[in-house]
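For reference, the structure is listed below as structure tokens.
The values are calculated or read from the model by the stated rules, or taken from the named source; none is laboratory data. Everything quoted here is computed from the prediction, not taken from an experiment. FYI the Cβ positions are ideal-geometry reconstructions off the backbone, even for glycines, and counts take in every protein chain you see. Heads up: the accessible areas ignore ligands, DNA and RNA and are worked out on the full protein's heavy atoms, side chains in. Shrake-Rupley method; radii C 1.70, N 1.55, O 1.52, S 1.80 Å.
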Amino acid sequence: MKSLLASTRAPDVPPSPTAPSHKRRDSAHAIDPLALDGSIRTAAEQLAGWQDTEGFWRFDLEADATISAEYIMMMHFMDEIDAALEAKLAVYLRDKQATHGGWGLFPGSDFDLSCSVKAYYALKLAGDHPDAPHMVTARRAITSAGGAARTNVLTRITMALFEQIPWRGVPFLPVEIVLLPRWFPFHLTKVSYWSRTVMVPLSILCSLKLRARNPRGVNIRELFVTPPEREREYFPARSRLNRALTALDALGRVSEPRLPAAGRRVALLRASRWFIARLNGTDGLGGIFPAMVNAYEALAALGYGPDHPYRVRARAALRKLVVVGPDSAYCQPCVSPVWDTALAALTLQEVANGAPCAAADHALDWLVSRQLSSEPGDWRAIRPGVRGGGWAFQFANPCYPDLDDTAAVAWALSQTTRPDRYNASLTNAVEWIAGMQSRNGGFGAFDADNTFQYLNEIPFADHGALLDPPTSDVTARCGLALARLGRSRDRSAVGRCRAFIRREQEAAGAWFGRWGTNYIYGTWSVLAALAEIGGEEDVGAIARAAAWLKSWQNADGGWGEGCESYWDPAPVKREYPSTACQTAWAVLGLMAAGEIDSPEVRRGVAYLLARQEPDGTWDDPWFNAPGFPRVFFLKYHGYAKYFPLWALARYRNLVRAGAES
């Protein structure tokens, strides 16, 4: 039997000089093959059992307390309070309060002021008395950190809408931004998709100075060290440029009363048309909670009644994000069916090892039915001549296909045992990917050349995530997808991907993980691609990456990396607990680098086998991805369900291939 790398490669792509040879060594049999087979079989049966009858997988996607707190605040903003749901959301918030008194951005994290203020306010809105012990503890933590005036911009905008701070405490976000020309330093096409879908409806709320209904009249004045109307330090300078832009922002705020009324009416009309055209039915504006809640509130501000179809669908979209349990509930920031389905299909293809797999084929049929083509999309503003062919992250989000999802789906399509059935879909996907490459050779998640870094210095962008620049993890998967089709015309694009990846490698040997935590994820993503697209000039980079992964292995044989690593300017080894999904990434990365026979790989496989639950699953309590590094973090509940299985199946397949060669 040929190695799995060779058997799944597009037939007209020459073998990479970096691909492993998988020679047989006695040490490869240190793992009991019968136990390994049993583990894989049990986990695969579980994964297949979670597949929906339509063919997709969708696992929960959990964020910090902020999103659930904002759901409660939205109900009070609109005076549409579901008391039973509010009570369950409040249980979740109380449960997430940490020992430091407040709330953090992920389990075990340090205190986060903005998250804590929102959670406190939501609990107070839900009826928790400020003198209750947990509220007293939270209040002390908040005021000790400087109070509510020191929160981030989006939290302060929420407080302004609830009349807790004056409008001078938030950035000037006039609705007239939708009228700015393309040549202007700020334009909607120059920021990320998530930024524009949040900003446009929010600019309506800020321009109309809409007031929350707040039917119980709840305030949080006790969270301010200085009374908010007397506070003068709402905008600490982040840089010289930020200081200058903050001065311009203040000038704009003072000048707002003199803006032409006719121009404002035109801007309100254009902004409303912009976001209403993208409301996306019951899947919501941009498919993400912050944009969806802003759109829902903006519809009310524009005079749409509660029974208007726009309001009804927007409300339903928000409610679909809520995960309700017997005692508590939380709100997801979005849903991830395409991503989950692509990765689960890749996992089961690995388990099948070249044989037909009904569950994977069922998933591919569902994915192909969701492929986008001629639908309008914001990405067309920068790439008007490119034909569509991508996938969104969510069930539906046609304006915003995702390059990472598209590359993952293309990867799975290229490995099917029914290539004729999916060739047209794969070709369209690769065409779109090729057309979305940025000038520097890399790929962003949703847009090309979204690299206007100066915009991260505007007062609104204190989160530092206004943009969608190319990243190593997305670029690696896009390069892999381009190579899988094996077209000679894509070779130049693949070469530019490789050059971008080499430039992005850290001195320690790792790659940054923009969409998964963190350097372990980024390094796996790149090594998986370089195993197929790498050339002679990549050999050194691969060796350094493998050495770095080995150096990060924990004593228990696993790998772990906390979200705290996003505050480190480079990889720093800390005492992070091992996790199943990060161990799987490391093992997959090392095997892609040709380290199938290494003791580190065997120890990693042994860790996964030892930590598997009797039902075939793995328990990972930790968050495993950033939404925005340093600002917003996520837990993909599916990662512990398919990545460990993928790693074990790949190990088994490569060992068998080596034994037969």
Given charges at beta-carbon only (K, R positive; D, E negative), |dipole| of the chain in Debye: 1860 debye
Per-peptide average of other Cβ atoms within 10 Å, ordering 371-381, 464-474, 551-561, 180-190 highest first: 464-474, 551-561, 371-381, 180-190
Rounded to the nearest 10 Å², the accessible area of residue 124 at probe 1.4 Å: 40 Å²
Gyration tensor (alpha-carbon) shape descriptor, segment 40-167, a/c threshold 1.5: prolate
Distance from segment 236-292 to segment 541-573 (C-alpha centre basis), Å: 40 Å
Rounded percent of accessible protein surface that carbon and sulfur make up, the chain, 1.4 Å probe: 54 percent
Per residue, in Å², the accessible surface of the chain once ligands and nucleic acids are set aside, probe 1.4 Å: 37 Å²
Compactness of the chain, expressed as Rg and Dmax over alpha-carbon positions, Å: 25.1, 81
Accessible-area order (highest first, 1.4 angstrom probe) of the listed residues 322, 254: 254, 322
Rounded tilt (10° steps) of 539-551 against the dominant C-alpha axis of the chain: 70 degrees
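Using alpha carbon coordinates only, what is the Rg to Rh ratio of segment 383-515, with Rh defined as the Kirkwood radius?
0.99
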Charge dipole (segment 244-391, unit charges on Cβ, about Cα centre) - positive-most of 263, 284, 367: 263
Segments 439-449, 406-416, 358-368 sorted - mean Cβ within 10 Å per residue, highest first: 406-416, 439-449, 358-368
For segment 183-275: span of alpha carbons on each principal axis (Å, largest first): 43, 41, 30
Unsatisfied cross-links (Cα-Cα over 29 Å) in the set 573/635; 118/320; 190/641; 118/550; 96/190; 124/573: 190/641; 118/550; 96/190; 124/573
Spherically averaged projected area in nm², based on the convex hull that wraps the Cα atoms of segment 513-661: 9.3 nm²
Angle in degrees between helix 491-504 and the longest Cα principal axis of the chain, rounded to the nearest 10: 70 degrees
Heavy atoms of residue 341: accessible area, 1.4 Å probe, square angstrom to 10: 0 Å²
Ellipticity estimate at 222 nm from DSSP helix runs (n ≥ 4, -39,500 (n - 2.57)) divided over the chain, nearest 500: -15500 deg cm²/dmol
Segment 76-133: translational diffusion in µm²/s, Stokes-Einstein, Kirkwood Rh over Cα pairs, 4 °C, 1.567 mPa s: 108 µm²/s
Value of relative contact order over the chain, rounded to a whole percent, pairs C-alpha under 8 Å and six or more apart: 20 percent
Accessible area (Å², 1.4 Å probe, nearest 10) - residue 567: 110 Å²
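Quick one: ranking 95, 615 by accessible area, 1.4 Å probe, largest first, what do you get?
Values: 95 110, 615 75 Å².
Final ranking, largest accessible area leading: 95, 615.
With N set to the residue count of segment 481-567, report its C-alpha Rg divided by 2.2 N^0.38 Å to two decimal places.
For segment 481-567, the normalised Cα radius of gyration comes out at 1.17.
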Cα-only Debye scattering, segment 256-367: base-10 log of I(q)/I(0) at q = 0.10, 0.16, 0.17 Å⁻¹: -0.49, -0.85, -0.89
